[in-house]
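Everything on this sheet refers to the single structure shown next.
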Amino acid sequence: MSIAVRAACEAAAWTFAGVFLALVLFFFFGRVSVTMGDVAPLAAALGLVGAAIAFVAVTALVTGRFPRKSPVVGARRGAAIGVLVVVIVPTVSVFFSPGSGGVLYSIYGQLFWSVIVAGGPFAVAGAVLGCWMDRRLFGSRGA
């Protein structure tokens, strides 16, 4: 397994877990009355979407920058990938369940609340994961 695919797989696994956990917590602590049997398939499907986004983004980033530049992923690029996941996953979610206001209203609402609630934590997690991957996989200590 190449180092680019290994880094992308790690990012995809962490992203899947983060999206799954965020959606399950949203449904259970939000004012939505659903059962785990209804939440788990949706959270898993959207987790796979987030994992695919992270996999493609990290693969493109690592193959474009490695081994010429240091750091390869870094904190800023990791945070940007985290925010990218937070923007795309709710947009995809709208097409599964647009709500009573329609697709456009739901996109604005879900994007607004997902960026406000999950944007910061996903950006921090992406930055930490980017720095961690640089240290462990690429031997770099940059920002």
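The values are calculated or read from the model by the stated rules, or taken from the named source; none is laboratory data. Keep in mind the model is a prediction, meaning the values are calculated, not measured. Ideal geometry is used to build each Cβ from the backbone, glycine not excepted, and the neighbour counts take in all protein chains shown. The accessibility values were calculated without ligands, DNA or RNA, using every heavy atom of the protein model including side chains. Shrake-Rupley method; radii C 1.70, N 1.55, O 1.52, S 1.80 Å.
Residues in segment 111-143 that are open to solvent by 50 Å² or more (accessible area, probe 1.4 Å) and at pLDDT below 80: Gly139, Arg141, Ala143. Condition check: farther than 20 Å from Phe95 by Cα and without any contact (Cβ under 8 Å) to a residue 60 or more places away in the chain. Does Thr63 satisfy that? The answer is yes for Thr63. Within segment 34-57, residues that are open to solvent by 50 Å² or more (accessible area, probe 1.4 Å) reach partners that are in a helix (DSSP H, G or I) and of a type in the set (A, V, I, L, M) with beta carbons closer than 7 Å, at six or more positions or on different chains, in the pairs Phe55/Ala8; Phe55/Ala11; Phe55/Ala12. Can you tell me which residues in segment 107-128 are touching a helix residue (DSSP H, G or I) at 6+ places or on another chain (Cβ under 7 Å) and farther than 14 Å from Leu84 by Cβ? Across segment 107-128, the qualifying residues are Ile107, Gln110.
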